[in-house]
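Readers should treat all values here as calculations from the given coordinates under stated rules, not as data from a laboratory. Please read all numbers here as calculations on a predicted model, not as lab measurements. Backbone-built Cβ (ideal geometry, glycine too); neighbour counts: all protein chains shown.
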């Protein structure tokens, strides 16, 4: 059993008797150098290695026959080492004694309601992750962020520095340049900030014309139906707009953007960072060869539909209950979609958009290229296969009116 004790800037004096007793019974005490200096007693003190996560299993194994205590800042289960240890060892091998979190202390000092505040941890993470949380009038607490970087991302926000919370050196002020390393940044957002609803303006993206246009993108994301924690493959990503807006719907959503052009792939990375989802993984390569990836919960095929094996590979990799959406703008790619619709079913939709544009001294409608969308959901598998009643295995796409078949590869 490993005991994880939350500790604040007030150190030993701020710990309740139960936490002190637990620490006093430990043989090995692990934590940051700063935290280890806060606790008196005769322990073997082990400072966290860097990087921590790759080295943590071996470190724990070396002390497996001893009683281990771990120090964590504030609440160990709130963006802390406690959750990491539980994932690694299991909840039955970790006991957590929480302390008030830095977010709780910050809200107490500011008079903010904790349940109405967004908390973003930038500890060891890129500052761009803050961008999707900046909305007019919202209150945001930033853990571990660089004051200068945060201020650059939120130039119209009122920023308060809360440092050494709970300790004798606690200070609340607005001097970003003088912020103590142990701080929380409290943001009161101004008027800037973009909606997380899909369908951002086209000019929000850097692109060379290979971009799923705004209106079609909104429909595409609605059909992909992102849910927290799910993984998307954006195949033939172009500018990466679908992957970006998938990830912006919820912080737990993930995406892999697959693009054969190195130049466009680099552009996907820049768009992802600029729009606050730098965690998108960009894979440079041609599909289907580049699709040896973690199985997705949803797939969007925006390019490469006519390449042999692309749809087969995406369908085979899709998790049960997952959604596949493919868009076509040429007759050749549309023929591929109609063939697969005959084979697997789903929905075919054509979207035609016209935008108002000047015509001499007047205004008229300028039509965009029509786009055909095919959306299909992979059946949940179980004792019964996903094959529709009466389907015959091995039928090729479009080989008969109303044909619906699922081959062994598709199962």
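So for the chain: antiparallel DSSP bridges make up what percent, rounded to the nearest 5? Before the final figure, lay out the partial values.
On the way: 31 of 69 bridges.
Beta bridges within the chain, antiparallel portion: roughly 45 percent.
In terms of the Cα gyration tensor, with a ≥ b ≥ c the square roots of its eigenvalues, is segment 2-99 rounded because a/c is under 1.5, prolate because a/b exceeds b/c, or oblate? Write out the running numbers ahead of the final one.
Values: a/c = 1.42, a/b = 1.29, b/c = 1.10.
Rounded, since a/c falls under 1.5.
Could you check the spin-label model distance between residue 87 and residue 331? Points 7 Å from the Cα along Cα→Cβ, value in nm.
Those two pseudo-labels are separated by 5.2 nm.
Starting from the Cα gyration tensor of segment 202-377, take the square roots of the eigenvalues, sort them a ≥ b ≥ c, and report rounded, prolate or oblate (rounded when a/c is under 1.5, otherwise prolate if a/b is larger than b/c, else oblate). Each step should come with its number before you reach the end.
On the way: a/c = 1.64, a/b = 1.21, b/c = 1.35.
Oblate, because a/c is 1.5 or more while a/b does not exceed b/c.
Using a Gaussian network model of the chain whose springs link C-alpha atoms within less than 10 Å, name the residue from 204, 64, 239 with the highest mean-square fluctuation.
With Cα springs under 10 Å in the chain, the top fluctuation among 204, 64, 239 is at 64.
Which of 364, 238, 339 moves the most in a Gaussian network model of the chain with Cα springs under 10 Å?
Looking only at 364, 238, 339, the largest GNM fluctuation is found for 364.
Given springs between every Cα pair under 10 Å in a Gaussian network model of the chain, which of 85, 52, 373 has the largest fluctuation?
52
Would you work out the relative contact order for segment 79-183, in percent, from Cα pairs under 8 angstrom that are 6 or more residues apart? Write down the numbers at each step before the final one.
Numbers: 104 pairs, mean separation 19.9, N = 105.
Dividing the mean separation by the residue count of segment 79-183 yields 19 percent.
Once you have the Cα-Cα distance between residue 172 and residue 225, take 0.36 nm times their residue separation minus that, and quote the gain in nm to one decimal. Mind dumping the intermediate values first?
On the way: separation 53, 0.36 × 53 = 19.08 nm, distance 4.27 nm.
Using 0.36 nm per residue and subtracting the Cα-Cα distance, I get 14.8 nm.
Measure off 7 Å from each Cα along the Cα-to-Cβ vector at residue 108 and residue 355, then give the distance between these two points in nanometres to one decimal.
5.3 nm
Just to verify a number: FRET efficiency for residue 149 and residue 37, C-beta to C-beta distance, R0 = 22 Å, to 0.05? Intermediate results must be reported in sequence, preceding the final value.
Numbers: r = 28 Å, r/R0 = 1.28.
According to the calculation, E is roughly 0.20.
So between residue 270 and residue 20, what do we pick up on full extension, going 0.36 nm a residue minus the alpha carbon distance?
Working: separation 250, 0.36 × 250 = 90.00 nm, distance 4.86 nm.
Taking 0.36 nm per residue and subtracting the Cα distance, the gain is 85.1 nm.
Where a ≥ b ≥ c are the square roots of the eigenvalues of the C-alpha gyration tensor, would you call segment 103-188 rounded, which needs a/c under 1.5, or, failing that, prolate if a/b is larger than b/c, or oblate? Don't jump to the answer; show the numbers that get you there.
Values: a/c = 1.56, a/b = 1.20, b/c = 1.30.
Oblate, because a/c is 1.5 or more while a/b does not exceed b/c.
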